[in-house]
Amino acid sequence: MSTSTLSTTHYSNDEIYDSQLSPRMKKLSRIHWSPVDVIMASAAFLSDKPNSKIIDIGSGIGKFCITAAQRYPDCDFYGIEQRRDLHEIALMSRKNSPSELNIHFMHGNFTELDFSNYNGLYFFNSFAENLYTYGRIDNSIQYSASLYNYYANIFYKILDNKPSGTRLVTYHGSDAEIPADYQLIEASFNQYLKMYIKE
Ligand SMILES: C[S@@+](CC[C@H](N)C(=O)[O-])C[C@H]1O[C@@H](n2cnc3c(N)ncnc32)[C@H](O)[C@@H]1O
């Protein structure tokens, strides 16, 4: 598929998005990369005002940021990803995107990031890979239940420190890991997609 074809269509559904991926990345798609419909619903909630800064925690191949940024050009979408190969795929996809300027990818662990700049957060259960052996992305990192708890605690503290009005979307997340002052506004996609605003 040519870049010009991609730039007009590759955000509109999962099949078309997947068609640009390598066989390995395509195989991971169903379990690990957010569906386009979920991204569109999430981005509509998170991009409620112009100049919003939205971060995807564990951004993988960048599908959330790239898809959302085209639909909401007046907001900025950031992704942080621990795996270098996935980060590099995200950078390549960004190059093919017409909305390159409002997409920002960082390579690293979310534990090292300053979250004060962001008023919207997207979280597709990124730490779950520490709990389940099925369908893992690769064996390049150590997995453990204690690492899951460590990350979940840090994520909780990040949310706790955010100001009132912060918007949060979780996909396949757990309410127990969200501070109580995040008010649930909407649940959809069989209750897997949840949207919150901090009181
Ligand atoms: C379920 S995938 C979601 C990808 C993307 N957010 C999406 O919705 O398409 C979770 C991603 O989080 C990344 N991840 C897990 N723990 C992380 C950490 N501590 N810091 C940064 N990235 C992490 C994984 O490498 C994986 O790419």
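Need one number: nm distance between label points at S174 and K95, each 7 Å from Cα along Cα→Cβ, rounded to one decimal.
The answer from the label model is 4.0 nm.
One-quarter of the Cα convex hull surface for segment 106-153, in nm²?
4.2 nm²
Summarise the accessible area of segment 51-199 (1.4 Å probe, protein heavy atoms) by the percent that is carbon and sulfur.
After summing per-atom areas, the C and S share lands at 48 percent.
In segment 113-130, whose amide N lies under 15 Å from the spot 7 Å out along Cα-to-Cβ of A145? List them in ranges.
Under cut-off, by backbone N: 128-130.
Normalise the Debye intensity by I(0) for the chain, one equal point scatterer per Cα, no solvent, then take log10 at q = 0.11, 0.13, 0.15 Å⁻¹ and round to two decimals.
So the normalised log intensities are -0.47, -0.66, -0.90.
If I take every Cα pair under 8 Å that is 6 or more residues apart in the chain, average their sequence separation and divide by the length, what percent do I get for the relative contact order?
17 percent
Would you count, across the chain, every pair of lysines whose alpha carbons are under 26 angstrom apart, provided the pair is eight or more residues apart or spans two chains?
For the chain, qualifying lysine pairs total 26.
How would you order 49-57, 19-27 from highest to lowest mean count of nearby Cβ atoms within 10 Å?
With the highest mean Cβ count within 10 Å placed first, the list reads 49-57, 19-27.
Taking the chain as a Gaussian network, Cα atoms linked when under 10 Å apart, which of N102, N139, N119 shows the biggest mean-square fluctuation?
N139
The values are calculated or read from the model by the stated rules, or taken from the named source; none is laboratory data. Small disclaimer: the values here were computed from a predicted structure and weren't measured. Here the Cβ is made from the backbone with ideal geometry for all residues, glycine too, and neighbour counts use every protein chain on show. These accessible areas exclude ligands, DNA and RNA; they are computed on the full protein's heavy atoms, side chains included. Shrake-Rupley method; radii C 1.70, N 1.55, O 1.52, S 1.80 Å.
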